[in-house]
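Since the structure comes first, as structure tokens, the remarks are kept for the end.
What follows is calculated from the coordinates using simple rules that are stated; it is not laboratory data. Please read all numbers here as calculations on a predicted model, not as lab measurements.
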Amino acid sequence: MDPIPVIGENASQFPMVPSFMQQPVGEARFLTDEMLAGLARWLRAAGYDTVQAPAGGPDRALVALAVDEERLLLTRDRAILDRRQAVGVAVVLAGEGLDAWAAELAALGVDWRLAPFTRCLVCNMALVDAPAAVPLPAGAHPPVRWCPVCRKPYWRGGHVRRMEARLIRWGGASVP
Ligand SMILES: [Zn+2]
């Protein structure tokens, strides 16, 4: 059996990456386990299609969902790699905290500046221009995008700018 990719443990294994990451990187899609909800929001902020797994589901269902939807499963649960179906599908993030995980994913080809703020951080839906009739919260200024599902508006205010700065710092695929 092929060796199992475990990021951060054995850098000499690169570039042995899960098969889904061999697609053009902009087409990579992710499934995050319940411990990585914060990371899911950041992947969405970078523009990646990212689904957050429901809490409490069995590993088997998690892996099956990743396979069905051709998503790369990001997890902190090393035991998931005991499942044969998880090979080439699951990536175990070995570090501690967002900055470490961001670096591990950048090493796999994730571009943290892919398409910033094109997806809803909450539900993953692609953002669209806010209809003119949508009442905006105080402090919002155009251009305003919004999520057609959550109806949450996004604009380039302080919070978005701080997140953008972090995405730029994390860099990734196209960093010279
Ligand atoms: Zn939404």
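Overview of values
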{"item": "Under 5 Å, built H, 5+ apart or other chain: amide partners of Ala90", "result": "Leu73"}
{"item": "Amide H contacts under 5 Å for Asp49, placed H, 5+ residues apart", "result": "Phe30"}
{"item": "Extension reserve of the Glu70-Val122 stretch, reckoned as 0.36 nm per residue once the Cα distance is removed", "result": "16.6 nm"}
{"item": "Radius, Kirkwood style, for the range 128-170 when every pair of distinct Cα atoms is counted (Å)", "result": "11.2 Å"}
